[in-house]
Structure formats: C-alpha cells, structure tokens
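Q: Just passing along the structure, written as structure tokens.
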Amino acid sequence: MTPKATILTADEVRRALTRIAHEIIERNKGAENLALIGVHTRGIPLARRLAEKLSTLEGVDVPTGMLDITLYRDDLSEVAQQPIIRETQVPFDLRDRRVILVDDVLYTGRTVRAALDALIDLGRPAGIQLAVLVDRGHRELPIRADYVGKNLPTAASEVVKVKLQETDGVDSVELWDMEALR
C-alpha cells in the first residue's frame with residue numbers, strides 16, 4: 001500500500017520546523033522564559049527539535065517536557081477498555097513561563113483541549129501557545145494553532161500520517177485514503 005500523496009519530505013519537515021522556531025522567537029521577542037511541551041507521541045520529538053533550534057538561534061536553554069493526555073480525553077471509553085497510560089514529565093515550574101504546546105497534527109481540536117486540561121493541572125503558566133506540524137482542518141472545537149508548519153485541507157475520509165526519525169525511522173508527512181488502510 002502506498003500513500004495517496006507525500007505532503008512533506010524530510011527537508012520540508014526540517015524547513016517547516018525552522019520557520020516555526022523563527023516565528024516563536026519573533027512573537028515572544030526571544031526565547032527567554034519559554035518551555036516546550038510535546039504531546040505523546042510525535043509531539044515530543046517535535047518539541048525537542050524546536051527547543052534545539054530555539055537554543056541554537058537564541059543561545060538560551062529552552063526546557064522541554066512530555067504530556068500524556070489519555071485520562072483527559074473525552075472519548076476515553078471509546079478508545080480502549082484498558083487505555084495505555086504514558087509518562088507525563090514536566091521537570092520545571094510552569095509559573096511565569098510561556099509554554100508552547102507541540103503536537104504533530106491538529107484536526108478536531110479535541111486532543112488540544114485534553115492537553116490544555118492536563119497542562120493546567122500541572123500549574124498555571126504565564127501563557128500557552130500551540131505549535132503543530134500539520135493543520136488539517138475539520139475543527140469541532142474553537143481551537144487554532146499559533147504556529148503551523150503546513151495547512152492541509154483534507155477530506156474526512158483521509159488520514160494524515162506524520163513519520164519522524166525518532167519514532168518511525170524517517171521524516172515525512174503522508175496523506176492516506178482511509179479505505180486504503182483497511
């Protein structure tokens with residue numbers, strides 16, 4: 001089986017993350033008091049990559065964390081009888097920090113809503129911004145990303161698959177037809 005289309009190649013993923021890093025710096029007037037928190041699974045390596053770029057560009061250490069939203073999902077009973085709980089690790093105080101929440105794909109907005117609930121349970125940051133590699137539309141909640149690598153209008157029958165070196169051995173974003181995946 002092959003994807004319907006390759007949306008981003010490895011080079012395009014790299015360039016999108018570099019652009020997002022520059023936009024974060026511009027909007028926040030630097031990288032001081034920033035922290036990046038990735039949503040399991042692919043948001044974590046994206047957050048780490050962005051933090052590395054921010055640190056290189058601004059010369060400051062930008063801490064990263066990881067967030068598991070499983071217990072905050074509004075569809076938990078539909079996902080699995082025994083959901084897999086992953087690690088949440090935020091080894092820094094959120095107070096007075098501007099937190100950039102990082103995820104791979106923004107779709108209905110429900111994952112972000114769950115992530116916001118989980119994040120607020122950990123503390124009260126000075127502000128929260130959202131960075132995503134792909135925004136595919138179809139929002140069910142009034143949520144939008146502050147930083148987007150690629151806006152990709154999709155059909156409801158399509159699936160966006162983000163592959164990252166850290167989790168999949170390759171960087172790419174592919175568009176699949178849901179029927180082809182069955």
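Q: Which count do you get for residues in the range 129-158 that are surrounded by fewer than 19 Cβ atoms within 10 Å (Cβ to Cβ) and free of Cβ contacts under 8 Å to residues at least 60 places away in the same chain?
A: Final tally of qualifying residues: 14.
Q: Moving on to the next point. Within the range 135-142, does at least one residue satisfy the condition of being modelled with pLDDT under 95 and among the hydrophobic types (A, V, I, L, M, F, W, C)?
A: For the range 135-142, residues modelled with pLDDT under 95 and among the hydrophobic types (A, V, I, L, M, F, W, C): absent.
Q: While we're looking at this one, here's another question. Find the residue count for the range 49-105, including only residues that are closer than 27 Å to ALA16 by Cβ, at pLDDT below 95 and acidic (Asp, Glu).
A: Result for the range 49-105: 1.
Q: Right, something else. Across the range 159-182, what is the number of residues that are without any contact (Cβ under 8 Å) to a residue 12 or more places away in the chain and under 15 Å from the mean Cα position of the chain (by Cα)?
A: Summing the residues that are without any contact (Cβ under 8 Å) to a residue 12 or more places away in the chain and under 15 Å from the mean Cα position of the chain (by Cα) in the range 159-182 gives 1.
Q: Hey, among the residues in the range 1-12 that are part of a strand (DSSP E or B) and of a type in the set (A, V, I, L, M), which one's nearest to VAL99 (Cα to Cα)?
A: The qualifying residue nearest to VAL99 (Cα to Cα) is LEU8.
Q: Right, next: Determine if the range 15-35 includes at least one residue that is open to solvent by less than 80 Å² (accessible area, probe 1.4 Å), within 17 Å of the chain's Cα centre (by Cα) and more than 23 Å from ASP171 (Cα to Cα). Walk me through how you get there before you give the answer.
A: The first filter runs over the range 15-35 and keeps only residues open to solvent by less than 80 Å² (accessible area, probe 1.4 Å), leaving 16-18, 20-21, 23-25, 28, 30-31, 34-35.
So of that shortlist, the ones also within 17 Å of the chain's Cα centre (by Cα) come out as 16-18, 20-21, 23-24, 34-35.
Imposing the further condition that a residue be more than 23 Å from ASP171 (Cα to Cα) reduces the set to 34-35.
Yes: one or more hits.
Q: Oh, and also: Does the range 97-128 hold any residues that are open to solvent by less than 20 Å² (accessible area, probe 1.4 Å) and either in a strand (DSSP E or B) or among the acidic types (Asp, Glu) (or both), and which are they?
A: Scanning the range 97-128 gives VAL99, ILE100, LEU101, VAL102, ASP103, LEU106, PRO125.
Q: Among the candidates ALA145, ALA131, which residue alone is part of a strand (DSSP E or B), touching a strand residue (DSSP E or B) at 6+ places or on another chain (Cβ under 7 Å) and small (Gly, Ala, Ser)?
A: ALA131
Q: To continue, here is another question. Quick test for you: out of ARG19, ARG48, ARG15, ARG27, pick the one residue that is in a helix (DSSP H, G or I) and either touching a Cys at 6+ places or on another chain (Cβ under 9 Å) or more than 25 Å from LEU164 (Cα to Cα) (or both).
A: ARG27
The values are calculated or read from the model by the stated rules, or taken from the named source; none is laboratory data. Just so we're clear, the structure is a prediction, and the values are computed from it rather than from any experiment. Reconstructed Cβ throughout: ideal geometry from the backbone, glycine too, with neighbour counts over all protein chains shown. Each accessible area value is taken on the protein alone, full model and side chains, heavy atoms only, with ligands, DNA and RNA left out. Shrake-Rupley method; radii C 1.70, N 1.55, O 1.52, S 1.80 Å.
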